[in-house]
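Contents: one structure, followed by commentary.
The values are calculated or read from the model by the stated rules, or taken from the named source; none is laboratory data. Please read these numbers as outputs of a predicted model, since none were measured by experiment. As a convention, Cβ positions derive from the backbone with ideal geometry for all residues, glycine included, and neighbour counts pool all protein chains shown. Just so you know, the surface numbers come from the protein's heavy atoms only, side chains and all, with ligands and any DNA or RNA stripped out. Shrake-Rupley method; radii C 1.70, N 1.55, O 1.52, S 1.80 Å.
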Amino acid sequence: MDLESSKAKMNAKAETTQSSQMVFFFGPEGTDGNAAMKAILGGKGANLAEMISIGIPVPPGFTISTAVCTKFYEDGKKLPEVVWEDVLKNISRLEKSMGKKFGDPANPLLVSVRSGARASMPGMMDTILNLGLNDETAEGLAQISKNSRFAFDSYRRFIQMYSNVVMGMNSSILDITMEDIKDVKGAVNDTDLTAEDLRKLSETFKKKVFETTGKKFPTIPMDQLKGAISAVFESWNTPRAITYRKLNDIPDSWGTAVNIQAMVFGNRGDDSATGVAFTRDPSTGEKKFYGEFLINAQGEDVVAGIRTPRPVTELQKAMPAAYEELVGIYTKLEKHYRDMQDIEFTVEQNKLWMLQTRTGKRSAEAAVRIAIEMLKEKLISEEEALLRVDPYSLDQLLHPRLDPDAKRTQLAKGLPASPGAAFGQIVFTPEEAEKFAEDGKKSVLVRIETSPEDIHGMAVAQGILTTRGGMTSHAAVVARGMGKCCVAGCGDIEIDYDRETMTVRGHTLKKGDSITLDGGTGEVFLGEVKTVEPKLSADFDALMKLADKHKKLGVLTNADTPKDAATARRYGAEGIGLCRTEHMFFDSERIDVVREMIVAENTTDREKALEKLLPMQKSDFAQLFEEMAGFPVTIRLLDPPLHEFLPQSDEEIKNLATKLHIDGARLKSKVLSLHEFNPMLGHRGCRLAITFPEIYNMQSRAIAEAVVDVMKRKKLVVTPEIMIPLVGTAKELAILRKQCESEVQKVQAKSGVSFKYKIGTMIELPRAALTADEIALVADFFSFGTNDLTQTTMGLSRDDSGKFLNAYVSQGIFEKDPFVSIDQKGVGHLVKLAVDLGRKSKSDLKVGVCGEHGGDPASVEFFHRAGLDYVSCSPYRVPIARLAAAQAAVRKT
């Protein structure tokens, strides 16, 4: 059990008994909180209280709870009077603890006011230091410290922070004022200014504040405090904080706590310092003390880069006693929290104070290494190690990425549709991409949007860039399946196909010009940016083995080519859950044969064309069976409407007519007759096979012949699974199952080779889910096609809804894009209903999912709860799904 779990009962009790308490004190004489109270105290406040309870030197203070943040906004951004009364009481407690008086010039107590949400949001909200200073207390601080420079350095810092955070003044105005004075004085660093310089600077700052805001800088400490508390609460809803929460799935309702803490000073001279450090390297995960510090500085100096910080290990020479104590404390904190900690500290006249500890942010590489090493160190359990790594973050490890040190010029930014990095010359058609590949050139396929007919160009391009479409558009889905980098929905770019140009922000690029895509950020760069190939570590392998040990769901892959299948197996796929046979038809050698079949006027001519396709399909399936080496392979028979395989322009129709030796007018008439206004709901999937049974007959025969071939040549046991798409009634499936069985049995009889096989269906229509008990009687398995099930259930077009889905998510109508993470209440309810109905009719019914949701961690957790047997996803998402499946099992959700 981790620290929070071990204190769960205490936390529940605390929330019950202290529900009316809104201000919580922490200090050496006692503390009102602990680390398990993050929901009430925020992460910072809970950890400050916890550090005091285990004997860590922490300046005393108090925390205003997150509940007050909610109340603050409910009351029109006003601090409740009852809370202010509690603040005054706790200020008195703090004065007694410190032996100082708030606002007393003779012995002033100064405080910091900091935010602290329950989830770490570094740098997103506001902080104010040195609060309580005015002309009189600044003079008093100078007298009592015998250091006027320190006192007025603190004062000018306070004016800078407060005027910006509370009074809304542009901070650059005072920054420029300070730089001007430094230039006049010939000062390089802030520390080069004298006490008198800083005294005058404080006066200048106050005048600038009045000139800019029309308000005098507040001089009454209690007024300053009230203003600061309100400002920190208001910082919860700044644009940057809102954006950060959206990116990190932090609920708006959580609110932030406010921490008021006695000031300790790292800017009192050369025997004082401030620093930020991590108990392990947050980039690599290496077990070493990692961080920076500055002598004679306050905390914001380290972060702001005003001066160049020094490595924290050099503190050993500068302040050996403080460093030795710091090492002992960070070691204690890591063992206590059993995770890498991000700490802030201040040394005031050689005395060490800890200002913060929190779970440290880390790269995916570091997260994996830290989890495995802490497991080996017996700090955490296997279950905890699995939960320490965010499945989404593994994308960083699986794709080539841009060298962080490389120079770059950004052209535009779209949606990060498929991770990785890609460099190449711009091409605007799939044919050009193929030609570039034949010539040994790298290309980036730039399209307004892609269609299935672009697949051959997508396959050979290094990356795909579209101006339309979303995270689950055709381009995005196919690119992820191929492991290709893709940036979608880049609306700032204008494409002119006729001129073969793309224009963005004053740049006009033509075919052959070079660009680089970053699929992890959605950025498009001019020219080539150097990339770095991923290297998977032994720790990564160890994490994946651990995931396989604990997960209950099988993890298969969506793969249409041997290359995809090999990639997926390398990443641990346990079979193919979806092979989309239509993707095999767009090869330049096959597309004309497919078109010949489509335009045939009778069954005999159609069958002749299909006979040409048969050996090609047989070869395709045999290669997949070989790559999977005995693992299951589910092959979906032809799904898209036929018109998607035909040319559309007059020129293309004319060329095809010449190739097929048919009349151009007749071909154009055929193309027009196959046009559909809503092809997603049209003549596709099983509906094609009902009207043209010879198509599925050929594919079933090709599958069976491939099985026989591989069993004879490779001595492998192959169990194919034939999947019939878009079934809405049990009768459809019964008719088509009988046809497929007949073809398989013919091959078995002719070859003398017997093998087991399954015939099942894709559940992608609401009616299929609602009548799953009937369909299960004629199906060996169900595979949920959640892409189309989402479209048909919610009445949304996957490609067109990108125009408004962002607005729906931002306004809270949808919690997440339903094409990225499954709509659990609607679409998910149908999935669960179909599982229950199907197994009611057939208890051993195999059930899985093959839509894009199969690689989304939140969706995988839902599928685990729903009782599915497996998920199937694109090859590069297999490790993500393996880890997500293990986490779902560990959480026992």
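Brief remarks on what is shown
- Scope the range 719-744; condition open to solvent by 10 Å² or more (accessible area, probe 1.4 Å) and of a type in the set (A, V, I, L, M); matching residues: Ala730, Ala734, Ile735
- In the range 398-411, the residues that are at pLDDT 85 or above and open to solvent by less than 50 Å² (accessible area, probe 1.4 Å): Leu402, Asp403, Ala406, Leu411
- Within the range 189-234, considering residues that are among the hydroxyl-bearing types (Ser, Thr, Tyr) and under 44 Å from the mean Cα position of the chain (by Cα), the one farthest from Ala67 (Cα to Cα): Thr191
- Residue count for the range 22-42, restricted to those that are open to solvent by less than 10 Å² (accessible area, probe 1.4 Å), on the phi < 0 side of the Ramachandran plot and part of a helix (DSSP H, G or I): 1.
- Of all residues in the range 45-61, none satisfies the criterion of being more than 18 Å from Lys335 (Cα to Cα) and open to solvent by 30 Å² or more (accessible area, probe 1.4 Å).
- Count of the range 617-631 residues which are under 14 Å from Gln699 (Cβ atoms) and either crowded, with 17+ Cβ neighbours inside 10 Å or more than 46 Å from the chain's Cα centre (by Cα) (or both): 6
- Filtered residues of the range 511-543 (kept if more than 24 Å from Ala406 (Cβ to Cβ) and open to solvent by 60 Å² or more (accessible area, probe 1.4 Å)): Lys511, Ala538, Asp541
- Residue-level analysis places Ala702 among those that are touching a Lys or Arg at 6+ places or on another chain (Cβ under 6 Å), outside any strand (DSSP E or B) and surrounded by 15 or more Cβ atoms within 10 Å (Cβ to Cβ).
- Residues of the range 649-687 classified as farther than 23 Å from Glu764 by Cα and not hydrophobic (A, V, I, L, M, F, W, C), total: 16
- Qualifying residue in the range 353-364 (condition: in a loop (DSSP other than H, G, I, E, B) and out of contact with any Asp or Glu (no Cβ under 8 Å at 6 or more places or on another chain)): yes
- Counted residues, the range 792-808 - those being of a type outside the set (S, T, N, Q), on the phi < 0 side of the Ramachandran plot and free of Cβ contacts under 8 Å to residues at least 60 places away in the same chain: 7
- Scanning the range 57-71 for residues that are at pLDDT below 95 and either among the aromatic types (Phe, Trp, Tyr) or in contact with an Asp or Glu (Cβ under 9 Å, 6 or more places away or on another chain) (or both) yields no hits at all.
- The set of residues in the range 370-411 being over 20 Å from Ala885 (Cα atoms), of a type in the set (A, V, I, L, M, F, W, C) and in a loop (DSSP other than H, G, I, E, B) consists of Leu379, Ala406.
- Asp564 open to solvent by less than 30 Å² (accessible area, probe 1.4 Å), modelled with pLDDT under 95 and touching a strand residue (DSSP E or B) at 6+ places or on another chain (Cβ under 6 Å): no
- Test: residue in the range 564-582 that is in contact (Cβ under 8 Å) with a residue 60 or more places away in the chain, closer than 17 Å to Pro641 by Cα and of a type in the set (Lys, Arg): no
- Leading residue by the ranking (farthest from Arg388 (Cα to Cα)) among those in the range 342-352 that are of a type outside the set (D, E, K, R) and surrounded by fewer than 21 Cβ atoms within 10 Å (Cβ to Cβ): Gln349
- Selection status of Ala834, more than 29 Å from Thr450 (Cα to Cα) and touching a strand residue (DSSP E or B) at 6+ places or on another chain (Cβ under 6 Å): yes
- Filtering the range 148-178 to residues that are surrounded by fewer than 20 Cβ atoms within 10 Å (Cβ to Cβ), touching a residue at least 40 places away in the same chain (Cβ under 8 Å) and either touching a Lys or Arg at 6+ places or on another chain (Cβ under 7 Å) or farther than 18 Å from Asn107 by Cβ (or both) leaves Met167, Gly168, Asn170.
- Cβ pairs under 8 Å, 6+ apart, first in the range 356-375 and surrounded by fewer than 20 Cβ atoms within 10 Å (Cβ to Cβ), second assigned to a helix (DSSP H, G or I) and of a type in the set (A, V, I, L, M, F, W, C): Ala364/Leu394; Ala364/Leu397
- Verdict on Glu500 being of a type in the set (Asp, Glu), closer than 30 Å to Ala385 by Cβ and either open to solvent by less than 60 Å² (accessible area, probe 1.4 Å) or modelled with pLDDT under 95 (or both): no
- The lone exception for Ser418 - which of (1) open to solvent by less than 10 Å² (accessible area, probe 1.4 Å); (2) at pLDDT 90 or above it fails: (2)
- Some residue of the range 638-657 being in a strand (DSSP E or B), under 34 Å from the mean Cα position of the chain (by Cα) and within 16 Å of Glu582 (Cα to Cα): no
- Hits in the range 329-373 (condition: of a type in the set (Lys, Arg) and under 21 Å from Ser112 (Cβ atoms)): Lys351, Arg358
- In the range 725-735, the condition of being more than 19 Å from Pro632 (Cβ to Cβ), within 44 Å of the chain's Cα centre (by Cα) and of a type in the set (Lys, Arg) is met by at least one residue.
Matching residues to (1) touching a Lys or Arg at 6+ places or on another chain (Cβ under 6 Å); (2) open to solvent by 10 Å² or more (accessible area, probe 1.4 Å); (3) at negative phi; (4) modelled with pLDDT of 95 or more:
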| position | (1), (2), (3), (4) |
| --- | --- |
| Lys545 | no, yes, yes, yes |
| Lys549 | no, yes, yes, yes |
| Thr557 | no, no, yes, yes |
| Asp560 | yes, yes, yes, no |
| His583 | no, yes, yes, no |
| Ser588 | no, yes, yes, no |
| Val594 | no, no, yes, no |
| Thr604 | no, yes, yes, no |
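- Single condition Ser443 does not satisfy, out of (1) in contact (Cβ under 8 Å) with a residue 24 or more places away in the chain; (2) open to solvent by less than 10 Å² (accessible area, probe 1.4 Å); (3) closer than 30 Å to Asp800 by Cβ: (1)
- Ser154 vs. criteria of a type in the set (Gly, Ala, Ser), out of contact with any Gly (no Cβ under 6 Å at 6 or more places or on another chain), within 17 Å of Asn267 (Cβ to Cβ) and modelled with pLDDT of 90 or more: yes
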